[in-house]
Amino acid sequence: MIDIQNQKDDRHINIKKVGVKGIKYPITVLDRVQGVQQVNATINMYVNLPHHFKGTHMSRFVEILNKYRGQVNIKTLQLILEKVREKLRAESAHMEVHFSYFVEKTAPVSSAKSLMEYECGFWGEHQGNKTDIMVGVVVPVTTVCPCSKEISSAGAHNQRSMVNVKLRFKRFFWIEDVITLIENSASGEVYSLLKRVDEKYVTEKGYENPMFVEDVVRNVAERLNGIDNFTWYSVEAENFESIHNHSAYAYVEKEAT
């Protein structure tokens, strides 16, 4: 049969990324408590396409993914990228994996247990002899406004915030440790299940620990700076303001080393 994708294209325009998006796929991630956790991921896979090729072979991405069925994880990401680049005869290969990860949390006073969901992701790029891999996690926290507390005779406005951290690293680390680091950098934590005694505790704890969105990203960055495993990071936080019709936002980034 005629291979249309391999025919020449005369427009002389390189394509940086071409491939497939939104593949729903089961993968295995390491779980510090349970050993492993089976999760449903959304996967994007791309390669570059030189200007002289008309198209790439989309089916080959899924074929490669199927060969690693049950083995798609942070440890095999480089192998998959290398195979994608080789199979599609590309100069670079890219892969993005997004999934929900669940951690059992214990309420601070009642000790009620519940599962907390965190959005996580892997990003990988393989080009030449170099592979670049990042891990990311989005953690919900709470913040109490220091200004509101200072100027009010009673109470202070507070909000739920989302902290998004991406990391480059030298060696394996537990995603649970990063989640804890982020939660300890805010006014308070978010739980799936709280009894009344827990609500009292987290409300009062947040009130005694007010923070601006700037404080949160700086706190996370300061803690990450103390861990030599992380060669680069980005930290962004968004406060969904309770008394404003907009969000407050801050972002910091470490220069790669």
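No other residue among GLU204, GLU238 is part of a strand (DSSP E or B) and among the acidic types (Asp, Glu) apart from GLU238. Of the residues examined, TYR233 is one that is farther than 18 Å from ARG160 by Cβ and buried (at least 19 other Cβ atoms within 10 Å of the Cβ). In the range 178-187 there is no residue that is out of contact with any Lys or Arg (no Cβ under 9 Å at 6 or more places or on another chain), assigned to a strand (DSSP E or B), among the hydroxyl-bearing types (Ser, Thr, Tyr) and closer than 17 Å to VAL141 by Cα. If we keep just the residues of the range 236-257 that are of a type in the set (A, V, I, L, M), surrounded by 14 or more Cβ atoms within 10 Å (Cβ to Cβ) and more than 15 Å from the chain's Cα centre (by Cα), which is nearest to LEU181 (Cα to Cα)? Among those residues, the one meeting the criterion is VAL252. Candidates SER110, SER114, SER100: the one that is assigned to a strand (DSSP E or B), in contact with an Asp or Glu (Cβ under 6 Å, 6 or more places away or on another chain) and hydroxyl-bearing (Ser, Thr, Tyr) is SER100.
Any residue that is modelled with pLDDT of 90 or more, small (Gly, Ala, Ser) and surrounded by 11 or more Cβ atoms within 10 Å (Cβ to Cβ) - is there at least one of those in the range 21-40? No; the residues of the range 21-40 include none that is modelled with pLDDT of 90 or more, small (Gly, Ala, Ser) and surrounded by 11 or more Cβ atoms within 10 Å (Cβ to Cβ).
The values are calculated or read from the model by the stated rules, or taken from the named source; none is laboratory data. These figures come from a predicted structure and were not determined experimentally. Glycine gets a Cβ as well: all are built from the backbone with ideal geometry, and neighbour counts include every protein chain shown.
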